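Below: one structure in structure tokens.
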Amino acid sequence: MIKRLVFIFFIAFPLASFGQIDEREKIQQMELDRNAQKQRDIRLQLDTAIILMENEEYLAADEKLTFVLKNIKSVPSDLAYYFGENSYHIGKYKQSIDWLNKYIQLKGTTGQHSQEAVQWLKRSEVERLKEKQAQNLQAQEVLSRDYDIDCGPSGKVTCPVCNGSTVIIKKTYLGETYKTCGYCHKEGFLNCEDFNNLLRGELKPDTP
Ligand SMILES: [Zn+2]
């Protein structure tokens, strides 16, 4: 009986704890393997994205690059570069400028992609500026009423009030009534100045 207790305390316990250490190490090793596999997968996705970019399949490349960004903790500089360049190709200029600047901050002028990064950055900045100008134009709402419409070489336009007939037909419950058009002076057309004033609601009809 005592021998058995001795066995349990001095031999079986230490063996059991050795076993636990083995188990823990195995789990740690599996964890490391899993991480290494994940890193390889991510690297593969990045390499695929670069090939897609070379084939000008920028939207597909964007999908891969976005996947890589979502699955890593710290961004390697070449990923910053590729994501920045690819963002230019899919028209995301602000995003492109952001990542290319990040790359240049990281690598300065001596990085593997520094020269290209500067070039793509310039292009993105030009496009971004155009975008902003377009947005400003929209915000200002340039309205046609502020401009004179060019009536063409004749300088005349068929009177839109009477459709050139010089007569305005009004339908009432008594039948149709006819009235001479007060806008085109019985000519059926307007000169360009009158036409533009009419469009602005500023042309006064002849008083009958
Ligand atoms: Zn008329």
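So what's the gap between the Cα centers of region 167-208 and region 58-129, to the nearest angstrom?
Cα centroid of region 167-208 versus Cα centroid of region 58-129: 62 Å apart.
Same structure, new question: Sort region 143-208 into rounded, prolate or oblate with this rule: let a ≥ b ≥ c be the square roots of the eigenvalues of the Cα gyration tensor; rounded if a/c is under 1.5, and if a/c is not under 1.5, prolate when a/b is larger than b/c, oblate otherwise.
Numbers: a/c = 2.52, a/b = 1.94, b/c = 1.30.
It is prolate, given that a/c is not under 1.5 and a/b is the larger ratio.
Modelled label-to-label distance, residue 40 and residue 55, 7 Å Cα→beta-carbon offset: nm?
2.3 nm
Give me 99, 120 sorted ascending by neighbouring Cβ count inside 10 Å, so fewest comes first.
Working: 99 27, 120 23.
If I rank by nearby Cβ atoms, fewest first, I get 120, 99.
Moving to a separate point now. Report, in order of residue number, the helices in the chain meeting two criteria: a C-alpha extent of 30 Å or more along the helix axis, and a mean Kyte-Doolittle hydropathy of at least -1.0; treat each whole DSSP H run as one helix. Write down the numbers at each step before the final one.
Values: long enough: 13-54 (61 Å, -0.61); 114-140 (38 Å, -1.35).
Flagged H segments are 13-54.
Identify, among 129, 95, 157, the residue whose Cα sits farthest towards the positive end of the charge dipole of the chain, taking +1 on the Cβ of Lys and Arg and -1 on the Cβ of Asp and Glu, with the dipole about the Cα centre.
Of 129, 95, 157, it is 95.
Of 179/204; 73/102; 92/130; 64/130, which ones are farther than 19 Å apart at the Cα?
Numbers: 179/204 16 Å; 73/102 16 Å; 92/130 13 Å; 64/130 28 Å.
Exceeds cut-off: 64/130.
A further question on this structure: Could you pull out the longest piece of the chain with no exposed loop GluC sites (Glu not before Pro) in it, calling a site exposed if DSSP puts it outside H, G, I, E, B and it has at most 16 other Cβ atoms within 10 Å?
Values: sites that count: 56, 57, 141, 187, 202.
Formally, the longest exposed-site-free interval is 58-140.
Can you give me the orientation-averaged projected area of the convex hull built on the Cα atoms of the chain, in nm²?
Working: hull surface 122.7 nm².
Orientation-averaged projected area of the Cα hull: 30.7 nm².
Follow-up. Cut-off is 10 Å between beta-carbons; in what order do 151, 184, 162 appear when sorted fewest neighbours first? Could the numbers behind the result be given before it?
Numbers: 151 17, 184 27, 162 21.
Placing the least packed residue first, the sequence is 151, 162, 184.
Shifting gears a bit: Report the relative contact order of region 143-208, percent, no decimals, based on alpha-carbon pairs under 8 angstrom and at least 6 residues apart. Please list the in-between numbers first.
On the way: 81 pairs, mean separation 22.0, N = 66.
Result for region 143-208 is 33 percent.
If I build a Gaussian network model for the chain, linking alpha-carbon pairs within less than 10 angstrom, which residue out of 173, 93, 103 has the largest mean-square fluctuation?
173
None of the figures in this text is laboratory data; all of them are computed from the coordinates on show. Since we're looking at a predicted model, the values are computed, not measured. Glycine gets a Cβ as well: all are built from the backbone with ideal geometry, and neighbour counts include every protein chain shown.
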